[in-house]
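The values are calculated or read from the model by the stated rules, or taken from the named source; none is laboratory data. These figures come from a predicted structure and were not determined experimentally. Cβ: placed from backbone, ideal geometry, glycine included. Neighbour counts: every protein chain shown. The protein model used for the area step is the full one, side chains on, heavy atoms only, and it has no ligands, DNA or RNA in it. Shrake-Rupley method; radii C 1.70, N 1.55, O 1.52, S 1.80 Å.
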Amino acid sequence: VKELRERSGAGMMECKKALVENNADIETAMEWLRKSGLAKADKKASRIAAEGRIVAAQSAGKAVLVEINCETDFVGKDASFLKFSDTVADVALNSGAADIDALKAAPFPGASNVEEAAKSLIATIGEKIDVRRMAVVKNDGVIGSYTHGGRIGVLVALKGGSEELAKGIAMHVAAMNPAHIRAEDVPAEFLAKEKDIALSLMSDKEKAKPADILEKIISGKVQKIVSEVTLLGQPYVLDTNVTVAEALKKEGADVISVARLAVGEGIDKVQEDYLAEVAKAMQG
């Protein structure tokens, strides 16, 4: 049992059952455990995995972010999960995978591919594991990488500038999560909507001003909103006396691209009422 546990990573009772079912033949028991694990993995496929980790990997001219989900924060800190996610990030960096499907099909050390390695981990850990998203940034110049507690990951590619500046901008994006990089990236629909809102909030006295003055007032209000939702317009978190655009200008730099991933974005999490569960169990 001890040897099978060390080789398979499965629990003691599962290993004991595998040996009993296969006449104490370790090799056959290993195969039995693997098949059992894959079956369990398929059963867990519909469960919600909204916890987990954002991992980053970087080499000259390229950096990647990968979101790997599990069901609980406890498993998100498990040594096996951490090792698996770090290896997936290395595979994402070195395999040439351009999207999540290609990453799942990429070769993984000790397994046929990333997806099969995830299923094997499910058999060991007992939770759904999902290699959910990835982002790739390539640049001949500087790439800044920043991860915050494994919950948020950011990559920033700069034209000009320094690694220190690129990392600082990445930290800013992690904290402020701007919707767009620059003002010209803001959709026309958004500008029109904000213009209508600004007009509706004005007093009758303001609305009575000459059309050209009224237009300037509204444009000023909309421009303030645009600054709040764009990276270059926001006050730089590492020096709030300047905007991000001004911080970049000091080093003659410009932002080429930005990638940001946060754990569980867009996943509808089940809010469990543990008190209600305990009460229901007691009544049962």
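Scanning for something under 30 Å from ASP239 (Cβ atoms), touching a residue at least 60 places away in the same chain (Cβ under 8 Å), touching a Phe, Trp or Tyr at 6+ places or on another chain (Cβ under 7 Å) and open to solvent by 40 Å² or more (accessible area, probe 1.4 Å), does region 160-171 turn up at least one residue?
So far as region 160-171 goes, yes, one or more of its residues are under 30 Å from ASP239 (Cβ atoms), touching a residue at least 60 places away in the same chain (Cβ under 8 Å), touching a Phe, Trp or Tyr at 6+ places or on another chain (Cβ under 7 Å) and open to solvent by 40 Å² or more (accessible area, probe 1.4 Å).
Suppose the filter is open to solvent by less than 60 Å² (accessible area, probe 1.4 Å) and either out of contact with any helix residue (DSSP H, G or I) (no Cβ under 7 Å at 6 or more places or on another chain) or within 30 Å of LYS77 (Cβ to Cβ) (or both); does GLY150 pass it?
yes
Out of VAL222, VAL242, VAL226, which single residue is over 26 Å from GLY141 (Cα atoms), in contact with a strand residue (DSSP E or B) (Cβ under 9 Å, 6 or more places away or on another chain) and surrounded by 13 or more Cβ atoms within 10 Å (Cβ to Cβ)? Give the steps one after another, and end with the answer.
Details: VAL222 fails: in contact with a strand residue (DSSP E or B) (Cβ under 9 Å, 6 or more places away or on another chain); VAL242 fails: over 26 Å from GLY141 (Cα atoms).
It is VAL226.
Of the residues that make up region 92-105, is at least one open to solvent by less than 40 Å² (accessible area, probe 1.4 Å), among the hydrophobic types (A, V, I, L, M, F, W, C) and under 20 Å from HIS148 (Cα atoms)?
yes
What's the number of the only condition in (1) surrounded by fewer than 16 Cβ atoms within 10 Å (Cβ to Cβ); (2) in contact with a Lys or Arg (Cβ under 7 Å, 6 or more places away or on another chain) that ASP212 fails to meet?
For ASP212, the exception is condition (2).
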